[in-house]
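**Q** One structure is given below, represented as structure tokens, and several questions about it will come after.
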Amino acid sequence: MTPQTAISVTGLRKAYGNNVVLDGIDLEVAAGTIFSLLGPNGAGKTTTVEILSTLIEPDAGDIRVAGHDMARDPDSVRGAISVTGQFSAVDNLLTGRENLIMMADLHHLGRREGRRRADELLEQFDLVDAGSKRALAYSGGMRRRLDLAMTLVRRPGVIFLDEPTTGLDPRSRHAMWDVIRTLVAEGVTIFLTTQYLEEADQLANLIAVLDQGKLVAQGTAAELKRRVPGSYVRLEFAAEHQLDAALLVLDDARRGTESLALQVPSDGSVRSLRTLLDRLDEQAIEVAELTVHTPDLDDVFLALTAPARRQKETVR
């Protein structure tokens, strides 16, 4: 594990009786990045988060978080991380500021420092006006922002976000994304699980897909999309004779829905695009417009995970 690595996992295994939840998982998360773990319900995402955040013990595997060996020094791991789960930890009977002060007291920050940190976080998360109101009156988006702010009271280096925007409306979800991006810009490492594939696409530097306890793919969003068949380049021409000439050169092309457009299978890489355009240039065929169409993460998810999913009661 290098100083630039925030989380390193090798051979992670977890089973409940005969039910194998995690079957030899290897992960490496670079410091100051967003890592997203995707998978169907029951794939083992939450179990992974619970293990990496020391809430449950693995059956096997070498795990280091923020430079600390989890087996030998779990307390140091706990001191370096925070966890925001699927369900809010906010106390509805307390105001936003009181919730933050309560967390500061639990972390023994001291009266003056705890209140200073609470006010700082209320401003950072745009909750100053709501800080004196009971959390019971907060909207879903405000509660999630407060929940995340509470995990930041002691400035953790690694944050586990387990489906942090579940149930939020699109505006609140985008506001949460901005908060997450700001944290990463400040050097925090985010380990994100989500059911919203657009969320992983928008935020994650690296994505891993977990299915039936195994990692079936890892890479950037663009790399994963290129693994799924169905990418093509759309070529639009200004005149019919140019399209006809292109059809003679590109034997794998087919007409698009528009009269002067062709679709050419492609992996979307720069090299393949250059090769395609070179073939057309050699025949002096002018292209009016070019666009690349690639599968989205929904296509990746469906292609890489088992088609018939079963909700497992023992795995969350």
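The values are calculated or read from the model by the stated rules, or taken from the named source; none is laboratory data. Remember, predicted model here, so these are calculated numbers, not experimental data. In this analysis, Cβ positions are derived from the backbone assuming ideal geometry, glycine residues included, and neighbour counts consider all displayed protein chains.
**Q** Going through the range 51-69 one residue at a time, which ones are under 20 Å from residue 32 (Cα atoms) and not in a helix (DSSP H, G or I)? Spell out the reasoning first.
**A** Step one: filter the range 51-69 for residues under 20 Å from residue 32 (Cα atoms), giving 52-53, 63-69.
The answer is 53, 63, 64, 65, 66, 67, 68, 69.
**Q** Kindly indicate the residue of the range 89-123 that is closer than 26 Å to residue 52 by Cα and surrounded by fewer than 18 Cβ atoms within 10 Å (Cβ to Cβ) and also modelled with the lowest pLDDT among those meeting that condition.
**A** If we take residues in the range 89-123 being closer than 26 Å to residue 52 by Cα and surrounded by fewer than 18 Cβ atoms within 10 Å (Cβ to Cβ), then 89 is modelled with the lowest pLDDT.
**Q** With the range 221-313 as the region, which helices (runs of 4 or more DSSP H) entirely inside it contain at least 2 residues that are free of Cβ contacts under 8 Å to residues at least 40 places away in the same chain, among the acidic types (Asp, Glu) and exposed (fewer than 12 other Cβ atoms within 10 Å of the Cβ)?
**A** On the way: elements: 221-226, 240-249, 270-282, 297-304.
Qualifying helices (runs of 4 or more DSSP H): 240-249, 270-282.
**Q** Return only the number of the condition from (1) in contact (Cβ under 8 Å) with a residue 24 or more places away in the chain; (2) more than 26 Å from residue 192 (Cβ to Cβ) that residue 105 does not satisfy.
**A** (1)
**Q** While we're looking at this one, here's another question. Would you confirm whether or not the range 120-135 contains a residue that is on the phi > 0 side of the Ramachandran plot and of a type in the set (Ser, Thr, Tyr)? Explain how you work it out, then say what you get.
**A** The initial filter retains those residues of the range 120-135 that are on the phi > 0 side of the Ramachandran plot, namely 126.
Still in the running and of a type in the set (Ser, Thr, Tyr): none.
Looking through the range 120-135, none of the residues is on the phi > 0 side of the Ramachandran plot and of a type in the set (Ser, Thr, Tyr).
**Q** Looking at the range 1-23 only, could you name the residues that are within 16 Å of residue 47 (Cα to Cα), exposed (fewer than 15 other Cβ atoms within 10 Å of the Cβ) and either at pLDDT 95 or above or β-branched (Val, Ile, Thr) (or both)?
**A** Listed by number, the list holds a single entry, 11.
**Q** What number of residues within the range 167-224 satisfy the criterion of being over 30 Å from residue 24 (Cα atoms) and of a type in the set (Val, Ile, Thr)?
**A** 2
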